[in-house]
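Peer 1: Got a structure here, written out as structure tokens. Questions coming.
The values are calculated or read from the model by the stated rules, or taken from the named source; none is laboratory data. Here the structure is a predicted model, which is why all the values come from computation and not from measurement. Neighbour counts are summed over all protein chains in view; Cβ atoms, including those assigned to glycine, are modelled from backbone coordinates with ideal geometry.
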Amino acid sequence: MEDRFRLPDLPESPLQRKLRERRERMEALMAGPPPAAEALRKAMAWQQEIETGTINRAGIARRERVTRARVTQIMSLLDLPEGERERLMGAHGPDGLTSIRAALRSVNARRACE
């Protein structure tokens, strides 16, 4: 009886698709680690590779398909004090979506004070 009054499923409009995709991206962001924490993990892994002498920043940039400047930016997260790094790696809750830009601002502000 209820099926008689049910509207047929309509195709998704471009706007609906865009909004659905945006919602899915935000849900994935909220479920995963903060972007700055991921960038810090990458920087730590890259630093180990550089120290072993297997690759340099230009090689990392080619492999990751980013610019050398971006590699340098992300590597600058290693300049954060240990306590700040730990806070960034364990950031959850309202502070959990710490952006890479905000973390880099913190690094640059610390350098300006020195």
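Peer 1: If you check Leu80 against the conditions, is it more than 14 Å from Ala43 (Cα to Cα) and at pLDDT below 95? Talk me through it step by step, then tell me what you get.
Peer 2: Values: more than 14 Å from Ala43 (Cα to Cα): no; at pLDDT below 95: yes.
Considered against the rule, which asks whether it is more than 14 Å from Ala43 (Cα to Cα) and at pLDDT below 95, Leu80 comes out as no.
Peer 1: Does Leu19 satisfy the criteria of being exposed (fewer than 10 other Cβ atoms within 10 Å of the Cβ) and either of a type in the set (Gly, Ala, Ser) or more than 26 Å from Ala103 (Cβ to Cβ) (or both)?
Peer 2: Working: exposed (fewer than 10 other Cβ atoms within 10 Å of the Cβ): no; either of a type in the set (Gly, Ala, Ser) or more than 26 Å from Ala103 (Cβ to Cβ) (or both): yes.
For Leu19, the condition - exposed (fewer than 10 other Cβ atoms within 10 Å of the Cβ) and either of a type in the set (Gly, Ala, Ser) or more than 26 Å from Ala103 (Cβ to Cβ) (or both) - is not met.
Peer 1: Could you pull out the residue among Arg68, Arg41, Arg85, Arg57 that is out of contact with any Gly (no Cβ under 6 Å at 6 or more places or on another chain) and free of Cβ contacts under 8 Å to residues at least 12 places away in the same chain? Please lay out each step first, then the result.
Peer 2: Values: Arg41 fails: free of Cβ contacts under 8 Å to residues at least 12 places away in the same chain; Arg85 fails: free of Cβ contacts under 8 Å to residues at least 12 places away in the same chain; Arg57 fails: free of Cβ contacts under 8 Å to residues at least 12 places away in the same chain.
Unique residue meeting the criteria: Arg68.
Peer 1: Within region 85-105, take every residue that is surrounded by 16 or more Cβ atoms within 10 Å (Cβ to Cβ) and of a type outside the set (A, V, I, L, M, F, W, C) and give me the one that is modelled with the highest pLDDT.
Peer 2: Within region 85-105, the match that is modelled with the highest pLDDT is Arg85.
Peer 1: Yes or no: region 49-59 includes at least one residue that is more than 17 Å from the chain's Cα centre (by Cα), assigned to a loop (DSSP other than H, G, I, E, B) and surrounded by 11 or more Cβ atoms within 10 Å (Cβ to Cβ).
Peer 2: Within region 49-59 (the criterion being more than 17 Å from the chain's Cα centre (by Cα), assigned to a loop (DSSP other than H, G, I, E, B) and surrounded by 11 or more Cβ atoms within 10 Å (Cβ to Cβ)), the answer is yes, since at least one residue qualifies.
Peer 1: For the list (1) surrounded by fewer than 13 Cβ atoms within 10 Å (Cβ to Cβ); (2) at negative phi, I need the number of the one condition that Arg65 fails.
Peer 2: Arg65 satisfies all of (1) surrounded by fewer than 13 Cβ atoms within 10 Å (Cβ to Cβ); (2) at negative phi except (2).
Peer 1: Checking Ala45 against (1) surrounded by 14 or more Cβ atoms within 10 Å (Cβ to Cβ); (2) modelled with pLDDT of 85 or more, only one condition comes out false. Which one?
Peer 2: (1)
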